[in-house]
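**Q** My structure is below; once you've seen it, I'll send some questions.
The values are calculated or read from the model by the stated rules, or taken from the named source; none is laboratory data. This structure is a prediction, so every number in the text was calculated from the model and none was measured. A quick note on method: Cβ atoms are made from the backbone with ideal geometry, for glycine too, and the neighbour counts reach across all protein chains shown. What goes into the accessible areas is simple: the full protein's heavy atoms, side chains included, and nothing from ligands, DNA or RNA. Shrake-Rupley method; radii C 1.70, N 1.55, O 1.52, S 1.80 Å.
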Amino acid sequence: MTENNDTENDLLEQYFAQKMTPLIDKINTLKARYRSRFWGTLWTVIFLVSINILFALFNVLIYKHPFNLEQLLVVIIGATIIILWPLLQYKKQHFPDIFGTFLQFYGDWQHTQSTEKRPISGSLPILPPHNLEQTMHTITGKYLGTDIMLSDIQYWQKSKKVSNGVLVELTFPQKVTDEILLFAKNGFYRKNKRVNMNLLNEQIFIPAAAYFNIFSPQPKAPKQLLCSPFFEKVLDTHDVFKANLIYVALQANKVFIYLEGCQIYFAQNGIWQRKLDDSKFKSLHCKITEVLQFVELIQEIKARDE
């Protein structure tokens, strides 16, 4: 396992050196150039406007000329346009798709963006009550025959945001289990009863399982699946994503994981954002790796069960 991790880390470092670092340097250079233009323009314009105002006041005080307010307003408006010009030019710059390039490390993975809120047609029981959802960023890919989707998502009740986090959806090629729900005990659903479902906690003697209320329509817990490695991996995922709370739903061939209070995507092109480095990308790599290991574990457990 250690050798595999070392090999993967070496491959990641090589990929960063060859693909990512040149793009990061290009974006940082653009930021530095246009920041420098902005500050240079700002101080130059402030100096010229100050001189103009001093001359106007001199003419008023010494030569009794009337103060021309309209001229002063025109000068200020023109100065403002000149100051903002570097920022407007920066927005027109073509930035490399650094995030898409990063995802190519995993194969044919894709990243999509959206800002539109949409009404829900149905909802997972592990999500807080809501009537609108907004998916800002989505990563999709495939691993060991399993379709993977990670989404930065917000949930709204009318005009109030009730929750935000990362929703992970794993679609396996084979059936995983009947329905099982895991609710963090201090989360939005704190009851120990659900309609037409059984509480399985008393059947599972695993310390890591004590974090959850566990429900299923089945009267008996599928202990082959709900084993110590499963719960440990769920909590590891919670820690790696730095989530506030975690909820899990297993339904037929799907596994849904909602990690509340965290994100996968981060903006990087704003002129006032600090310089890019590889730390956030490597943090995201750890998150994706954790999801891939979750897929491996589920498939390993199912293979033992067959």
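**Q** What angle do you read, to the nearest 10 degrees and between 0 and 90, between the alpha-carbon axis of helix 21-63 and the longest principal axis of the chain?
**A** Result, in degrees: 30.
**Q** Between the helical axis of 69-91 and the dominant principal axis of the chain, each derived from Cα atoms, what acute angle in degrees is found, rounded to the nearest 10?
**A** 40
**Q** What is the percent carbon and sulfur in the accessible area of the stretch 58-147, measuring with a 1.4 Å probe over the protein chains and ignoring ligands? Don't jump to the answer; show the numbers that get you there.
**A** On the way: 3560 of 5860 Å².
Answer for the stretch 58-147: carbon and sulfur cover 61 percent of the accessible area.
**Q** Still on this structure, please answer the following. Report Ser151's accessible area, 1.4 Å probe, all protein chains in place, as a number in Å² to the nearest 10.
**A** About 10 Å², ignoring ligands and nucleic acids.
**Q** Order Trp39, Trp85, Trp156, Trp109, most accessible first, counting only protein heavy atoms with a 1.4 angstrom probe.
**A** On the way: Trp39 115, Trp85 135, Trp156 40, Trp109 15 Å².
Descending order: Trp85, Trp39, Trp156, Trp109.
**Q** Keeping every protein chain present and rolling a 1.4 Å probe, give me the accessible area per residue for the chain in Å². Intermediate results must be reported in sequence, preceding the final value.
**A** On the way: 17240 Å² over 306 residues.
Using a 1.4 Å probe on heavy atoms only, each residue of the chain averages 56 Å².
**Q** Next question. Whole percent per 20 Å bin, from 0 to the bin with the longest distance: what is P(r) over all C-alpha pairs of the chain?
**A** Bins of 20 Å from zero give 26, 43, 20, 10, 2 percent of pairs.
**Q** Can you tell me the 0 to 90 degree angle between the C-alpha axis of helix 2-15 and the longest principal axis of the chain, rounded to 10?
**A** For helix 2-15, the angle is close to 30 degrees.
**Q** Let me ask another. Just to be sure I understand: if I project the alpha-carbon convex hull of the stretch 37-146 onto a plane and average over all orientations, what area do I get in nm²? Please list the in-between numbers first.
**A** Numbers: hull surface 55.3 nm².
Mean projected area of the Cα convex hull: 13.8 nm².
**Q** Counting C-alpha atoms alone, how compact is the stretch 1-94: give Rg to one decimal and Dmax as a whole number, in angstrom.
**A** Rg, Dmax (Cα atoms, Å): 25.1, 86.
**Q** Then there is this: Using only the Cα atoms of the stretch 169-306, what semi-axes does the equivalent ellipsoid have when each is the square root of 5 times a gyration tensor eigenvalue? Give whole Å, largest first.
**A** Working: eigenvalues 192, 62, 31 Å².
Listed largest to smallest, the semi-axes of the stretch 169-306 are 31, 18, 12 Å.
**Q** Now, a different point. Please check: in the Gaussian network model of the chain (C-alpha springs, under 10 Å), which one of Glu202, Glu169, Glu232 has the largest mean-square fluctuation.
**A** Highest fluctuation of the listed residues: Glu202.
**Q** Let me ask another. Over the chain, with a Gaussian network built from C-alpha contacts below 10 Å, which listed residue (Thr140, Thr289, Thr115) shows the highest mean-square fluctuation?
**A** Comparing Thr140, Thr289, Thr115 in a Gaussian network model of the chain, the most mobile one is Thr115.
**Q** Which translational diffusion coefficient, to the nearest whole µm²/s, is obtained for the stretch 115-193 from the Stokes-Einstein equation, given a Kirkwood hydrodynamic radius over C-alpha pairs, 10 °C and 1.306 mPa s? All intermediate terms of the calculation are to be shown ahead of the outcome.
**A** On the way: Rh = 14.3 Å.
D = 111 µm²/s.
**Q** Who wins for biggest fluctuation among Lys254, Lys64, Lys161 in a Gaussian network model of the chain, springs between alpha carbons below 10 Å?
**A** Lys64
**Q** Once neighbouring chains are kept in place and the probe is 1.4 Å, which whole percent of the accessible area of the stretch 156-306 is contributed by carbon and sulfur?
**A** Answer for the stretch 156-306: carbon and sulfur cover 50 percent of the accessible area.
**Q** Just name one of Ala267, His238, Phe294: the one whose Cα is farthest towards the positive end of the charge dipole of the stretch 238-306 (beta-carbon charges, Lys/Arg +1, Asp/Glu -1).
**A** Farthest towards the positive end: Ala267.
**Q** Which order do you get for Lys117, Lys142, Lys282 if you rank them by accessible area with a 1.4 Å probe, largest at the top? Walk me through the numbers before you get to the answer.
**A** Numbers: Lys117 90, Lys142 115, Lys282 55 Å².
Solvent-accessible surface, decreasing: Lys142, Lys117, Lys282.
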